[in-house]
1. Considering only residues of segment 159-191 that are part of a loop (DSSP other than H, G, I, E, B) and among the small types (Gly, Ala, Ser), which is nearest to residue 35 (Cα to Cα)?
2. Condition first: in contact with an Asp or Glu (Cβ under 9 Å, 6 or more places away or on another chain) and either modelled with pLDDT under 90 or over 18 Å from residue 139 (Cβ atoms) (or both). Can you find one or more residues in segment 53-65 that meet it?
3. Pick from segment 55-66 the residues that are surrounded by 14 or more Cβ atoms within 10 Å (Cβ to Cβ) and either touching a residue at least 24 places away in the same chain (Cβ under 8 Å) or among the acidic types (Asp, Glu) (or both): which of them is farthest from residue 28 (Cα to Cα)?
4. Kindly evaluate residue 149 against the criterion of being part of a helix (DSSP H, G or I), within 16 Å of the chain's Cα centre (by Cα), among the β-branched types (Val, Ile, Thr) and modelled with pLDDT of 95 or more.
Amino acid sequence: MKTGRGSSVAKKRVAFVAHCLLNQNAKVAEFARLPGVVTPVVDLIKSRGYLIEQLPCPELLFNGITRWWTTREIYDNPGYRKHCRSLAKFTADVIEKYHKERYEIILIGLDGSPSSGVRFTGTSDPIWGGRPNAKIEEYKIVPGRGIWIDELAKELELRGIPFPKASGVPMDSPDFDMTKSVAELTAFLSG
């Protein structure tokens, strides 16, 4: 963007990023792929001039660090939705401030997550009932939003704020590939 005098003004950008992309320690142990920050993703977002705001992890806050693996269907209950709605109100307050300041706002979720999935979420299979004895390779990914992202979208709609341009990093997918995911995120950020 240029001002009237020909000097450049940096475009104001903010990325709301899934908690576990900034802290893999929040994941259930079998789904954490790195010891901490997902550096290739964070570095890419920062290289495009985005400020980063960390989204809360509703699963960690609801069930703690030693929780079991689970699916969207198990989390799709009144108590968990109420929990996500309370987090959505706080998060929407922050998004609203950036919206009023005319920032370009994006959201990067965790595709495949039953909570933070943007394009894809994790679904049930009979073997996933109760304590998980299934292997990570048996986790099923289907199109759709996770419960937390769904509740955030509803809260933003109530406020008349458009849901941000959004994508997700599919780290919960059994066939996750970092190189492919960074290429997809690059295309998303370029489009």
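1. 173
2. Within segment 53-65, one or more residues are in contact with an Asp or Glu (Cβ under 9 Å, 6 or more places away or on another chain) and either modelled with pLDDT under 90 or over 18 Å from residue 139 (Cβ atoms) (or both).
3. 55
4. It is true that residue 149 is part of a helix (DSSP H, G or I), within 16 Å of the chain's Cα centre (by Cα), among the β-branched types (Val, Ile, Thr) and modelled with pLDDT of 95 or more.
The values are calculated or read from the model by the stated rules, or taken from the named source; none is laboratory data. Since the structure is predicted, the reported quantities are computational estimates derived from the model, not experimental observations. Here the Cβ is made from the backbone with ideal geometry for all residues, glycine too, and neighbour counts use every protein chain on show.
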